[in-house]
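Inspection log for the structure reproduced underneath, given as structure tokens.
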């Protein structure tokens, strides 16, 4: 794309991970530092925005310095500073955005604001060197469930999105209800391996007149009703069966919607992204569905599925080479929609 190597210092602080990375030419990760706050928020059963923001302030300079050090590079060698500016928790986003603006202003290095979901999609470019648009991508995380046509780098068409709870949110709520605690996704993934996914039939919701939209609140309510019913009857609850049956209901909907879209729009490439994309059963289900439909299946390693700065560096690179530059009035936009700038 360009004669000279382009190195990007990337910063991500949209939720409860303080992260910085150095990425070369959008696909080569020279460093990827992530400070996770999971242990801190576990005792509260979820992310506490105020605590997250304070921790980001404590850690942001440290992770940036570490990212440069591990990449064996100096700040002056960076071609751009890429930073997540939305969507996410407003206080958390502001820490990353403020740090990036300060560094850009002091050094004169261009600033590029990056959309968080665009980052998740771009995580697929890091390890799949052959993957290029167009393709369809399913983004499933704690706050988002999107089915997207990636028309070109930075150019998207949203086919479907969640109408209520995102898939990851449903995982967290169900995990809490069956006493697994936070974070719900990995815990349900683990215990499901001991359960029977066909033990309990939970509903698979369809949204009328929007065949690619998702709705998981009814499923979550069905699980809660099942648990309450068992309690009232004095029946013992098999947590592994509940977790496995719930997980299968989520996966069935995600796979059905995704494969339906891939076939209708005649794409032969499909990718997954976001925190829930590291779920082992989800990966297996998509591997099988894609193999059956003769579709190439792409997915990032788990470390690039959860929030990280390398994915922001990948997305930032493609924005940078297109000529996108952000001014110093760049602000945190907690409800930023994909495709907006």
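Each value in this text was obtained by applying a stated rule to the coordinates, not by laboratory testing. Every value quoted in this text rests on a predicted model; they were computed, and no experiment measured them. Methodologically, a virtual Cβ is constructed for each residue, glycine included, from the backbone with ideal geometry; neighbour enumeration extends over all protein chains shown.
Label 7 Å along Cα→Cβ of residue 325; region 1-34 residues with amide nitrogen under 16 Å?
Of the residues in region 1-34, none has backbone N under 16 Å from the label point off residue 325.
Sort out for me the Cα centre separation of region 99-150 from region 1-71, rounded to whole Å.
13 Å
Efficiency by 1/(1 + (r/R0)^6): what FRET value for residue 65 and residue 105, r their Cβ-Cβ distance, R0 = 22 Å, to the nearest 0.05?
0.75
Can you list, largest first and rounded to whole Å, the semi-axes you get for the chain by taking the square root of 5 times each eigenvalue of its Cα gyration tensor?
Computed over the chain, the values are 35, 23, 16 Å.
Could you give the angle, 0 to 90 degrees to the nearest 10, between helix 310-321's Cα long axis and the longest principal axis of the Cα atoms of the chain?
Rounded to the nearest ten degrees, it is 50.
How far apart, in nm, are the 7 Å Cα→Cβ label points at residue 75 and residue 42?
Spacing of the two 7 Å Cα→Cβ label points: 3.5 nm.
Based on the alpha-carbon set only, what is the convex hull volume of region 214-341 divided per residue, in Å³?
Roughly 167 Å³ of hull volume per residue.
For the Cα atoms of the chain, what angle does the longest principal axis make with the long axis of helix 116-127, in degrees from 0 to 90, nearest 10?
With both axes taken from Cα atoms, the answer is about 80 degrees.
Does anyone have the angle between helix 280-292 and the longest principal axis of the chain? Alpha-carbon axes, 0 to 90°, nearest 10?
Taking Cα atoms only, the helix is inclined about 90 degrees.
Convert 20 °C to kelvin, take the viscosity as 1.002 mPa s, use the Kirkwood radius over C-alpha pairs of region 133-300 as Rh, and evaluate the Stokes-Einstein diffusion coefficient in µm²/s, rounded to a whole number.
132 µm²/s
Please give the contour-minus-distance gain from residue 28 to residue 233: 0.36 nm per residue of separation, less the Cα-Cα distance, rounded to one decimal in nm.
68.1 nm
For region 190-284, what D do you get in µm² per second when you plug the Kirkwood radius from alpha-carbon pairs into Stokes-Einstein at 25 °C and 0.890 mPa s?
Rounded to a whole number, D works out at 166 µm²/s.
Grab the DSSP H runs of the chain that are 4 residues or longer, score each as -39,500 (n - 2.57), total them, divide by all residues and round the 222 nm result to the nearest 500 deg cm²/dmol.
Value at 222 nm, helices only, nearest 500: -14000 deg cm²/dmol.
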